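The block underneath contains the structure these notes are about, expressed in structure tokens.
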Amino acid sequence: MQPTDSFNENHTPSGENVLVVRDLIKIYKGATVPALSGLNFTVPAGEIFGLLGPNGAGKTTAISILSTLLRPTRGSVSICGIDALKHPGRVKGVIGLVPQNIALYAGLTARENLRYFGKVCGLKGKILDDRVQACLELAGLENRADQRITAYSGGMKRRANLAVGMLNNPRLLFLDEPTVGIDAQSRNMILEKLALLKNNGTTLIYTTHYMDEAEQLCERIAIMDEGHIVAEGTPGALINRPPGYAGLGDLFLALTGKDLRD
Amino acid sequence: MYKTAATVSKELLLLSRDRAGLLVLFAMPALLVIVMTLVQENVLQTMGESSTRILFVDRDRQEVGRSVKEKLMESGAMEIITAIEGKDVDETTALERVRRGDFQLGVIIPAGTTAAVKTRAREVVRGSLAMDQTPAAGGGRQCDITVYFDPTVFGGFRSAVLGSLELVILGIEMKEKMNVLSDLLPEHIAGNLRKAMGSLPPESFTGDIPGIRLDFSRDRLLRVAERPASQSYLEKKPTSVQQNVPAWALFGIFFIALPMAGALIKERHDETLARLLTLPVSFLSVMVGKIIAYVLVCLAQFGLILFIGKYILPLLGTPMLEMGSDPAAVMIITISAILAATGLGILLGTTARTYEQASMVGPISIVIAAALGGIMVPVYAMPKVMRNISVYSPLEWGHDAFLDVFVRGGDIRTVSGNVSALLSFFLVSVLISWICFFLRSRNGI
């Protein structure tokens, strides 16, 4: 069976905006500086949108708000036409999250993890079995599916983490640095699978510190600093901004500076 | 329900694979119940040294009643309570409060005791002076001082208290008899002399001095009548098994808080919780699933401890665990105690920032609550200040409820107060946890 066969295509009409973020502000209690200070962007269906930025730029805060985990101080978020701040419960049916950490039960096998999260999503019977199998195959874990997560390598854990994020066939998938700390082979495989998801119509919001990865995968990129977007566009357009940059990394340092961020 | 069931099965699977956790949950309480029961078997029989509170009902309100009270107070080992909340205690109240375990014993001095003692003392002494060999058996009756015991009080403690009371009444009896003797003896001697000598001068008397039967001290004026306060007259003798099995079972149950808190903290740190919160499932459903899983594990653990009390400990020479006559009450207490323990686990797991914090605070707080709750030493044997604090320990609520059913012959109605306290503890813990979680989630999990 081809892994992609079990994944339904996401039928958001091409060009329709899946994610609309307007004037998003987040000020943490006791903080003097806002974590987000007027974030604005729009992502159409089927796009891979990269969110880049140095540590503390507000990427994780943005992902947390967009995935309903955190309430903003002000602003609006619309996901697939649903007001995500007013109806977080309805939004949960169309989003997926691949957290930065390995958000899996280490004492369970990959299959048991997938079955549990699948059941929590409301999947049952054959649909659950098929979806679990498809996700395992997509992550290249079908032969090690019955090993516990503790026995997995770093790359396998990352792939299993991704597999759970894809389980409920989300229309909008948030990926928070999904390739951090793994070898080139696993990273390459994950990027291939993400491209495959995109081809099936899934919209991806992708944060990473790897500029080459963003350049290779993302159709549009927003570079964030100090809680707002300082540059946005396709990787090519961004690199070619006057005076012209050697690459995305070069542009990134030019926009966000070389000072260390803690 | 389907999603909750998925969480229950996932939690059980995780717990079944956590060998260290299983060791804490099953082997530790099992070992504790065996070791502590055997160790305390003799200790509990011989203790009874600390001050204890006695409900004292003086219906006599005369010399003997006052004297018993004063002498018990003078002993220093007993605190005499004659009024509760400003009202004098009557016999019915005393019996009820002792039956409920609020006090370990109640002493009732019947009305007319002083008059009866005086009458009987006079008869006994007269009998002795008359050299009558039969015990005095006139109209004066021997008076019973009734002592009601909480059936959970251990034998050694009971004997110590009864011994003290016996000494007190012996002193009173002796004083009364000597008073009567000092009244009657001069008259008795003078009468006998007159009878023997007629008009002769006393110096010419060569016969025997009129005798006194010296064993009059054996003719008792008062008697201590020991009666159980339990509803079922068929009194069960408290044993270390009755004390320790429910005690250490509860201790084990409360240790469920540690793996539960650990699981919650881990879910928070590795973002599994974040992932769950973005899925189409209610947080309540996830938490209910988690609680049900831990309740099932604790029920299995409790069953193991009862099995040890019923079948293993007797093989090692202890009495068999008696579980009372109301299994429904036992089940309700057990589930309430387990819920209280899961409440503590949720509270720890939510408020502790790291697993290290929870693993430090958790066991210490459970051991302290256990010590205060009478798990290691019965509450009545503690100093007064500790007894006052012990009423705030959830383990004391659970333990007292188990003793109500196992030893005092109580039922669901009897344990309703303690069960309500345990369930309230669960609800308050969950509420505090929810508030902490809500406040924390506003600033990111």
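Values quoted throughout were computed directly from the atomic coordinates according to the rules given, and no laboratory measurement underlies them. Since this is a predicted model, take the numbers as computed values, not measurements. All Cβ positions, glycine included, derive from the backbone under ideal geometry; neighbour counts span all protein chains shown.
Below is a table of values for the structure above.
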quantity: Long-range amide H partners of A:L51 with built H, under 5 Å; calculated: A:Y206, A:T207, A:T208, A:A222
quantity: For A:G50, net neighbour charge (Lys/Arg +1, Asp/Glu -1) across residues whose Cβ lies under 9 Å away; calculated: -2
quantity: Using a Förster distance of 35 Å, the FRET efficiency for B:V367-A:N199 (Cβ separation, nearest 0.05); calculated: 0.05
quantity: Candidate lysines for bridging to B:K175, where Cα separation is under 20 Å - those fewer than 8 sequence places away on the same chain excluded; calculated: B:K69, B:K71, B:K118
quantity: Charge dipole (segment B:287-389, unit charges on Cβ, about Cα centre) - positive-most of B:V297, B:G362, B:V330; calculated: B:G362
quantity: Dipole-positive endmost among A:N168, A:L251, A:L191 within chain A (Cβ charges, Cα centre); calculated: A:N168
quantity: Gyration tensor (alpha-carbon) shape descriptor, segment A:105-205, a/c threshold 1.5; calculated: oblate
quantity: 5 angstrom amide H check on A:L97, placed H, neighbours 5+ away; calculated: A:F174
quantity: Whole-angstrom gap from segment B:253-294 to segment B:367-445, using each part's C-alpha centre; calculated: 23
quantity: Listed pairs B:K290/B:K310; B:K266/B:K290; A:K86/B:K3; A:K26/A:K86 exceeding 20 Å between Cα atoms; calculated: B:K290/B:K310; A:K86/B:K3
quantity: For residues of B:2-15, the mean tally of beta carbons on other chains within 10 Å; calculated: 4
quantity: Beta bridges per DSSP with both ends in the protein assembly as shown, % antiparallel, nearest 5; calculated: 45
quantity: Three-way shape call for segment A:56-157 based on the alpha-carbon gyration tensor, with the a/c threshold at 1.5; calculated: oblate
quantity: For residues of A:105-111, the mean tally of beta carbons on other chains within 10 Å; calculated: 4
quantity: Segment B:332-376 shape via C-alpha gyration tensor axes, a/c threshold 1.5; calculated: oblate
quantity: Of A:G181, A:S153, A:L217, farthest towards positive along the dipole that unit charges on Lys, Arg, Asp, Glu beta carbons give segment A:141-217; calculated: A:S153
quantity: Proximal aspartates and glutamates relative to A:K198, as straight alpha-carbon distance under 12 Å, when same-chain residues fewer than 8 apart are discounted; calculated: A:E9, A:E47, A:E219
